[in-house]
Amino acid sequence: MAGERMAAGQKRAAAGESIVTLFARARRLAGDLLLLAVLDARYSARRAIEIVCVVVVTSVLLVTAWLALVVAASGWLVGAGVSWPAVLLVAAGLNVVAALAAAAWLRRRVGELPFAATLRQLRGEAAEGETL
């Protein structure tokens, strides 16, 4: 009888230890996922800042180049006898081409979604070049 009580007590203690271990592991997993989310947020913020800085610098350079191009082209076209409306159409066409080039560059640059590593981890997907 006493042996049975001792065995039952040991089983309860082992079950209690298993539950404690399970909760500890779950807590570590939650902490790891939170750390991954924080690191992914930092990475995404750095990428966004980098993109904004490059866009600002590129915009300033393009605006100054654009102004020089418009003035030069307008002067040349007006000197060649082209009407002002035609000169403005040429300038607008150049502006559209430049905007499309900038949009293509930006599309290539922001191809990776924010929090990609966190989303892959939560979905249980392998990283590129990695197998589960």
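The values are calculated or read from the model by the stated rules, or taken from the named source; none is laboratory data. Computed from a predicted model, the values in this text were never measured in an experiment. Counting neighbours? That spans all protein chains shown, and the Cβs are built from the backbone with ideal geometry, glycine included. When the accessible area is computed, the model is the full protein with side chains, heavy atoms only, and any ligands, DNA or RNA have been set aside. Shrake-Rupley method; radii C 1.70, N 1.55, O 1.52, S 1.80 Å.
A few notes on this one:
- When Rg and the Kirkwood radius Rh are both evaluated on Cα atoms of segment 19-132, their ratio Rg/Rh stands at 1.34.
- Averaged per residue, segment 15-132 has 79 square angstrom of accessible surface, using a 1.4 angstrom probe with ligands and nucleic acids left out.
- Accessible-area rank, largest first, for Leu94, Leu36: Leu94, Leu36, with all protein chains present and a 1.4 angstrom probe.
- Accessible surface of segment 33-132, 1.4 Å probe, proportion on carbon and sulfur as whole %: 72 percent
- Rounded FRET efficiency, nearest 0.05, which uses the C-beta distance separating Arg123 from Leu69 and R0 of 35 Å: 0.15
- Length available on full extension from Val90 to Ala41: 0.36 nm per residue minus the Cα-Cα distance, which gives 13.3 nm.
- Take the Cα of Leu61, step 7 Å toward its Cβ, do the same at Ser18, and the gap between the two points is 6.5 nm.
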